[in-house]
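Colleague: Before I ask anything, here is the structure I am working with.
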2 protein chains.
Amino acid sequence: MRPLFHPGKDDIRAEDILHALADPVRASIFTQIASASCAQICAAFSSVNNKPIPKSSLSQHFRVLREAGLIRSERQGVEMHNTSRFEEVEARFPGLLPAILVAYSSRKDAPAKAARGRRAGGR
Amino acid sequence: MRPLFHPGKDDIRAEDILHALADPVRASIFTQIASASCAQICAAFSSVNNKPIPKSSLSQHFRVLREAGLIRSERQGVEMHNTSRFEEVEARFPGLLPAILVAYSSRKDAPAKAARGRRAGGR
DNA sequence: TCAATAGTTCGCAATTCCTGAACTACCGAA
DNA sequence: TTCGGTAGTTCAGGAATTGCGAACTATTGA
């Protein structure tokens, strides 16, 4: 198993942060990470949404978050310990994460209205 | 030609904003839009970077920005008039756009270090 | 050593993205 | 009205990315 890559604090890039958090699933994972394991997140998704996310997909999501510099993953015994790198990201891009998290938390939009008819007839 | 889709102010979604601005090219377009036409943006990219962006790609970028609710595009004679919807987005997601724009403008990262060795051997 | 648990990696299908070519829309001149 | 030029959109295909089941790796406890 290859060692997990974590970008250095100064290598964190705005586009990686935005890309990582542009996926609502990953944004949700990130907000739930107060030191949660992958399995706990997985269980949470299974119960809240009734759509259980496959663990391979979840692993990929964690990788994207990790390589964007948003979380740090360390093995602790048999499971993985994920911690937020909020402070580091905040130091590099002040105000960015709070603004994004607020934007997501304020979504009162109807839940996933199936593309809401946009891109009508779209490719 | 299909009429251009613009989401209503309250239909703007955080994930669309983040996805649209996760692309440095689009972020750059957005910051340059003080009422610029597609052709002007295109010319700007040709001169600044020496990599001219094909107009079809540019058109797609504009579409993503438009459908995310970030810009408004209106035909004015033979060319397209793009204006920022900054205030509307700001009203819906306070602080989001300023934080993102600041994050991009503060990038002092070495220009495109060719993936910086990350994802070593990565898929 | 074996079984169980947690997560990663592989491989392929599905989706999305990029871009040259063709097309549409508008304008001005003949 | 027709032609020619300019500006931008749409189409089609290949490239790149993503999603996910299956196989694999790592660690612990019996």
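Read-outs: derived from the displayed coordinates by stated rules, not from any lab. It should be emphasised that the depicted structure is a prediction, and the values quoted were computed from it without experimental measurement. Backbone-built Cβ (ideal geometry, glycine too); neighbour counts: all protein chains shown.
Colleague: With the structure loaded, tell me whether residue B:47 is among the small types (Gly, Ala, Ser), within 11 Å of DNA strand C (Cβ to nearest atom) and over 23 Å from residue B:99 (Cβ atoms) or whether it fails that test.
Modeller: no
Colleague: All but one of (1) out of contact with any strand residue (DSSP E or B) (no Cβ under 6 Å at 6 or more places or on another chain); (2) in contact (Cβ under 8 Å) with a residue 24 or more places away in the chain; (3) under 29 Å from residue B:12 (Cβ atoms); (4) within 14 Å of chain B (Cβ to nearest Cβ) hold for residue A:53; state the number of the condition that does not hold.
Modeller: Of the numbered conditions (1) out of contact with any strand residue (DSSP E or B) (no Cβ under 6 Å at 6 or more places or on another chain); (2) in contact (Cβ under 8 Å) with a residue 24 or more places away in the chain; (3) under 29 Å from residue B:12 (Cβ atoms); (4) within 14 Å of chain B (Cβ to nearest Cβ), the odd one out for residue A:53 is (4).
Residue by residue, here is whether (1) closer than 18 Å to residue B:22 by Cβ; (2) charged (D, E, K, R); (3) more than 16 Å from DNA strand D (Cβ to nearest atom) holds:
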| position | (1), (2), (3) |
| --- | --- |
| B:46 | no, no, no |
| B:55 | no, yes, no |
| B:58 | yes, no, no |
| B:75 | no, yes, no |
| B:81 | no, no, no |
| B:89 | yes, no, yes |
| B:94 | no, no, yes |
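Colleague: So how many residues does segment A:65-105 have that are within 18 Å of residue B:103 (Cα to Cα) and acidic (Asp, Glu)?
Modeller: Residues that pass the stated criteria total 4.
Colleague: Then there's this: Restricting the search to segment A:1-32, which residues are without any contact (Cβ under 8 Å) to a residue 24 or more places away in the chain and in contact with a His (Cβ under 7 Å, 6 or more places away or on another chain)?
Modeller: Within segment A:1-32, just A:22 meets the criteria.
Colleague: If a residue has to be more than 24 Å from residue A:89 (Cβ to Cβ) and not charged (D, E, K, R) to count, how many in segment A:54-69 make the cut?
Modeller: Looking only at that region, the number is 2.
Colleague: Output the residue which, of all residues in segment A:1-15 that are more than 8 Å from chain B (Cβ to nearest Cβ) and within 14 Å of DNA strand D (Cβ to nearest atom), is nearest to residue B:99 (Cα to Cα).
Modeller: If we take residues in segment A:1-15 being more than 8 Å from chain B (Cβ to nearest Cβ) and within 14 Å of DNA strand D (Cβ to nearest atom), then A:4 is nearest to residue B:99 (Cα to Cα).
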